[in-house]
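Please read the structure below before turning to the comments.
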Amino acid sequence: SGGSMSVVEHVREMAAAGLHSNVRLLSGLLLTMSGNNPELFSPSQKYQLLVYHADSLFHDKEYRNAVSKYTMALQQKKALSKTSKVRPSTGNAASTPQSQCLPSEIEVKYKMAECYTMLKQDKDAIAILDGIPSRQRTPKINMMLANLYKKAGQERSSVTSYKEVLRQCPLALDAILGLLSLSVKGAEVASMTINIIQSIPNLDWLSVWIKAYAFVHTGDNTRAINTICSLEKKSLLRDNVDLLGSLADLYFRAGDNKNSILKFEQAQMLDPYLIKGMDVYGYLLAREGRLEDVENLGCRLFNISDQHAEPWVVSGCHSFYSKRYSRALYLGAKAIQLNSNSVQALLLKGAALRNMGRVQEAIIHFREAIRLAPCRLDCYEGLIECYLASNSIREAMVMANNVYKTLGANAQTLTLLATVCLEDPVTQEKAKTLLDKALTQRPDYIKAVVKKAELLSREQKYEDGIALLRNALANQSDCVLHRILGDFLVAVNEYQEAMDQYSIALSLDPNDQKSLEGLQKMEKEESPTDATQEEDVDDMEGSGEEGDLEGSDSEAAQWADQEQWFGMQ
């Protein structure tokens, strides 16, 4: 054929040039020709045509079709290596360039694994990559394997693969995070990067970075926050969006919502296209009753990408806190479909199921969230609320004690345990002791203040309650605290000030049902006798958490047909 290119070489050139749609048409026609006349192309040409055709299908997101063509390509390659072994090499120079530019078989297997993960067939993805001898595995194959093993709960294999990535690429920071998330000690991970830190200038921060995320993954929020703050103060790393996002997330985990929101806002100002962590941000805004901000955030995120879980979760939080649980359930399911690792989506869907009375299904979602984020207290809180909703106080107690043991005794775990103790008449005194411990550690921790107020209300110690709440409100403003203070003031006949407190609560969260009821009650009857009889502040937790199902029946019908689409069994 002299200097002219073969038709297969034309296909290869177009593939290299990124002309996928053109490759797809031409290779499809050539494969038909080959099928009708098997002698037309050599085995190596057929292999190439199948791979380029499959690549163009992959590019069009037709993953199942691509897998079948890649499989045929690999069979063709088998035939090829059999024939090439038989033929004695004649030293013919013409055959060598051909073999050099054959698409790599390992690359084909990697593409197949990518198809399988897109099709949610992780087992098949693992099988195909596992079949590659370890010394032939490229860094991206090891990284993909590590992530797949981790997801499948095969922790030892996952650790081995992450370490292999680091051996090949010592600055693979996500592989470092993978190891830390699998409880490999920070010191061991740092030792794998020490040579590179010493040999490259301006990388001295890396060992501190590793230390910070080691604290994150052991659930030591306070030290994680301090370590990341120390990195953030270094002039070279100031205003790093990833660090600010981590910081926001840590404040959130530590129950410091005000600082969390501040850091998320800072990160967002620096990067208007930020998606990561925005689901938590939206949840926090929704909890604070800032539903208009949540709606705007959701719209902005959908504009950035609807292929990520975050915009769906934010939109779902808006529905949830508007008491539209069926819609929240649908949006949560859609988010999980886009990213099965989205903890926030699992929590949203779990809470929606719980509020719709589907507690057993909710429990499954909270358990999965705990598996993905064993250091996040809110996952356990969600599960414990399910147990309490279904009157399994014993199971709730076991779980709360476990959390207390594994995450350590801090204001948050003490309060969680106290919350369960309050449900059982036998453990009232224990609840009181736990709450006092929590408030000694963190006098401004809102959840502890709310639960302590609940206890004082039961004992009708209203003056103590008023003192507790005024103290907590001295350096922060919170809707629930103002509302409970209003309830207590009604109980001691301080009507004017009670009205002020309800109004402040409503100015902070205009949707707060209970403050509205408090105000309406007072406007209806200024007579003190009724007011004291009405006083039963048994259920004060309600920050939109346990809404009833009002108004969502028609909606349930509306979303019922959609539920089948999203596999919400």
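The values are calculated or read from the model by the stated rules, or taken from the named source; none is laboratory data. Keep in mind it's a predicted model, so treat the numbers as computed, not measured. Neighbour counts run over all protein chains shown; Cβ positions are idealised from the backbone, glycine included. Areas reflect the complete protein model, heavy atoms only, side chains present, ligands, DNA and RNA absent. Shrake-Rupley method; radii C 1.70, N 1.55, O 1.52, S 1.80 Å.
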(request) Count, please, the residues in region 362-393 that happen to be closer than 14 Å to ARG253 by Cα and hydroxyl-bearing (Ser, Thr, Tyr). (result) 1
(request) Select from region 394-439 the residues that are open to solvent by 60 Å² or more (accessible area, probe 1.4 Å), free of Cβ contacts under 8 Å to residues at least 24 places away in the same chain and among the basic types (Lys, Arg) and write down the one among them that is nearest to ALA467 (Cα to Cα). (result) LYS430
(request) Identify, from the list GLU368, GLU381, the residue that is modelled with pLDDT of 90 or more, open to solvent by less than 50 Å² (accessible area, probe 1.4 Å), under 25 Å from PHE215 (Cα atoms) and assigned to a helix (DSSP H, G or I). (result) GLU381
(request) With the condition kept exactly as written, say whether any residue in region 270-279 is open to solvent by 30 Å² or more (accessible area, probe 1.4 Å) and within 15 Å of ALA335 (Cα to Cα). (result) yes
(message) Residues to consider are LEU173, LEU182; find the one that is closer than 15 Å to PRO139 by Cα and of a type in the set (A, V, I, L, M, F, W, C).
(response) LEU173
(message) Between ALA333, ALA362, ALA409, ALA328, which is of a type outside the set (Val, Ile, Thr) and touching a His at 6+ places or on another chain (Cβ under 9 Å)?
(response) ALA328
(request) Within region 113-137, work out how many residues are under 27 Å from the mean Cα position of the chain (by Cα) and β-branched (Val, Ile, Thr). (result) 2
(message) I'd like to verify a number: residues in region 449-480 that are surrounded by 15 or more Cβ atoms within 10 Å (Cβ to Cβ) and closer than 19 Å to ALA505 by Cβ, how many?
(response) 18
(request) Determine whether ALA152 is under 24 Å from the mean Cα position of the chain (by Cα) and open to solvent by 50 Å² or more (accessible area, probe 1.4 Å). (result) yes
(request) Sort out which residues of region 1-24 are surrounded by fewer than 14 Cβ atoms within 10 Å (Cβ to Cβ) and under 15 Å from HIS59 (Cα atoms), and write them in order of number. (result) ALA16, ALA17, GLY18, SER21
(request) Could you please find all residues in region 461-485 being over 37 Å from the mean Cα position of the chain (by Cα) and touching a residue at least 12 places away in the same chain (Cβ under 8 Å)? (result) TYR462, GLU463, GLY465, ILE466
(message) For region 233-262, give me each residue that is open to solvent by 40 Å² or more (accessible area, probe 1.4 Å), at negative phi and over 18 Å from the mean Cα position of the chain (by Cα).
(response) LYS233, LYS234, SER235, LEU236, ARG238, ASN240, ASP256, LYS258, ASN259, LEU262
(request) Count, please, the residues in region 275-332 that happen to be among the hydroxyl-bearing types (Ser, Thr, Tyr) and closer than 25 Å to SER507 by Cβ. (result) 5
(message) Can you find a residue that is surrounded by 14 or more Cβ atoms within 10 Å (Cβ to Cβ), part of a loop (DSSP other than H, G, I, E, B) and under 23 Å from the mean Cα position of the chain (by Cα) anywhere in region 195-211?
(response) no
(request) Can you confirm whether region 376-399 contains a residue that is small (Gly, Ala, Ser), more than 26 Å from ASP424 (Cβ to Cβ) and out of contact with any Pro (no Cβ under 6 Å at 6 or more places or on another chain)? (result) no
(message) Which of the helices (runs of 4 or more DSSP H) found entirely inside region 254-315 contain at least 3 residues meeting this: in contact with a Cys (Cβ under 7 Å, 6 or more places away or on another chain)?
(response) 278-287
(request) Answer with yes or no whether ASP239 is over 25 Å from THR413 (Cα atoms), in contact with a helix residue (DSSP H, G or I) (Cβ under 7 Å, 6 or more places away or on another chain) and of a type in the set (Asp, Glu). (result) yes
(request) Please enumerate the residues belonging to region 396-424 that are in contact with a Leu (Cβ under 9 Å, 6 or more places away or on another chain) and acidic (Asp, Glu). (result) GLU423
(request) Name the one entry in ARG483, ARG442 that is of a type in the set (Lys, Arg), surrounded by 23 or more Cβ atoms within 10 Å (Cβ to Cβ) and more than 22 Å from ALA389 (Cβ to Cβ). (result) ARG483
(message) Going residue by residue through region 180-190, is there one that turns out to be open to solvent by 50 Å² or more (accessible area, probe 1.4 Å), part of a helix (DSSP H, G or I), within 26 Å of LEU407 (Cα to Cα) and of a type in the set (A, V, I, L, M)?
(response) yes
(request) Return the total of residues in region 125-159 being in a helix (DSSP H, G or I) and without any contact (Cβ under 8 Å) to a residue 12 or more places away in the chain. (result) 3
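Each row is one residue, and each column tells you yes or no for (1) crowded, with 20+ Cβ neighbours inside 10 Å; (2) of a type in the set (Asp, Glu).
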{"position": "VAL294", "(1), (2)": "yes, no"}
{"position": "ASP306", "(1), (2)": "no, yes"}
{"position": "ALA352", "(1), (2)": "yes, no"}
{"position": "ARG358", "(1), (2)": "no, no"}
{"position": "LEU377", "(1), (2)": "yes, no"}
(request) Taking MET540 as the residue in question, decide whether it is at pLDDT below 85 and closer than 25 Å to LEU291 by Cα. (result) yes
(request) Under 8 Å between Cβ atoms, at least 6 apart or on separate chains: pull out the pairs that start in region 52-78 with a residue that is assigned to a loop (DSSP other than H, G, I, E, B) and end on any residue that is open to solvent by 40 Å² or more (accessible area, probe 1.4 Å) and not small (Gly, Ala, Ser). (result) ASP60/HIS20; ASP60/ARG24; LYS61/MET118
(request) Go through region 97-116 residue by residue and tally those that are at pLDDT 95 or above and farther than 16 Å from GLN136 by Cα. (result) 4
